[in-house]
Amino acid sequence: MTAPTAATIGVSSLAPKLVSSWAANDADAFGELFTENGSMILPGVFCKGRAEIVAFMREAFTKQYRGTQVTGMPLSMEFFGDSLAVMITSGGVMQAGENKVAPKAQIRASWIAVPDVGGVWRLASYQNSPFYA
């Protein structure tokens, strides 16, 4: 078995970092997962740029995402050279008191990641869609 590369570890770490920043309702930490000009697409939402993503999440943590948690497990990860990775995850949003994702809240997400100049993998784009549309 081959040991994971730094790139694999870096990209794989994005999902737990997102879960952690969400659990803390930390919009700034959530935004740091993205490149400066990254994009986020959620049902009915498009944010372009880290500042817009942070602003959206800051408000959402006080409104529609208040008291929620998220989960996500990688289904696949592909690298395209040394500077682009695509990860697909399965997960969703859990309402307060839930310990698993309800079927209506299940999603599949695509994560497009690139390394920054320091080698830290960040999201160039994140998009999720309901699993049961």
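None of the figures in this text is laboratory data; all of them are computed from the coordinates on show. Bear in mind the structure is a predicted one, so any value in this text is a computation, not a measurement. When we count neighbours, we look across all protein chains shown, and the Cβ atoms used for this are built from the backbone with ideal geometry, even at glycine.
Along the charge dipole of the chain, pointing to its positive end and built from +1/-1 on Cβ of Lys, Arg, Asp and Glu, which listed residue (64, 8, 19) has its Cα farthest out?
Toward the positive end, the furthest listed residue is 64.
Within region 24-68, which trypsin sites (Lys or Arg not before Pro) sit in a loop by DSSP and count at most 11 neighbouring Cβ atoms inside 10 Å?
Qualifying residues, ordered by number: 63, 66.
Nearest 5 is fine: what % of DSSP beta bridges in the chain come out antiparallel, could you say?
If I count the DSSP bridges inside the chain, around 90 percent turn out antiparallel.
With θ taken as phi - 60° and the coefficients 6.51, -1.76 and 1.60, list the Karplus ³J(HN,Hα) couplings across region 85-90 in order, rounded to whole Hz; mark glycine and proline as x.
9, 10, 10, 10, 10, 10
Just from its helices, what would the mean residue ellipticity at 222 nm be for the chain, if runs of 4 or more DSSP H residues each count -39500 (n - 2.57) and the sum is divided by every residue, rounded to the nearest 500 deg cm²/dmol?
Calculated from helices alone, the mean residue ellipticity at 222 nm is -7000 deg cm²/dmol.
For residue 37 and residue 13, FRET efficiency with R0 = 30 Å and r from the beta-carbon atoms, rounded to 0.05?
Using R0 = 30 Å, I get an efficiency of 0.90.
What is the fewest-to-most order of 17, 104 by other Cβ atoms lying within 10 Å of their Cβ?
The order, fewest Cβ neighbours first, is 104, 17.
What's the extension gain from residue 55 to residue 104 if we count 0.36 nm per residue and subtract their Cα-Cα distance?
15.0 nm
Sort 79, 61, 46 so the one with the fewest other Cβ atoms within 10 Å of its own Cβ comes first.
Fewest to most other Cβ atoms nearby, the residues stand as 46, 79, 61.
Please identify the GluC sites (Glu not before Pro) of region 40-133 that satisfy two criteria: DSSP loop assignment and at most 16 other Cβ atoms within 10 Å. Which are they?
Answer by residue number: 98.
Name the long-range amide H neighbours of residue 122: under 5 Å, sequence gap of 5 or more, or other chain; modelled H, no Pro or chain starts.
Here the answer is 114, 116, since their amide H atoms fall under 5 Å of that of residue 122.
Short version: ³J(HN,Hα) in whole Hz for each residue of region 67-73, in order, from phi by Karplus 6.51 cos²θ - 1.76 cosθ + 1.60 (θ = phi - 60°), x for Gly and Pro, what are they?
The phi angles translate into x, 8, 10, 10, 9, x, 10 Hz.
So which residue, out of 110, 39, 83, gets the largest mean-square fluctuation from a GNM of the chain using Cα contacts under 10 Å as springs?
Judging by the Gaussian network model, the answer is 83.
If amide H atoms are built 1.01 Å from N in the plane of the peptide, which residues on other chains or at least 5 residues away come under 5 Å of the amide H of residue 38?
49, 50
What list of ³J(HN,Hα) values in whole Hz, one per residue of region 105-118 in order, does the Karplus curve 6.51 cos²θ - 1.76 cosθ + 1.60 (θ = phi - 60°) give from phi, with Gly and Pro shown as x?
9, 6, 9, 10, 10, 10, 10, 9, 10, 9, x, 7, 4, x
Arrange the following residues from fewest to most other Cβ atoms within 10 Å of their Cβ: 129, 21.
129, 21
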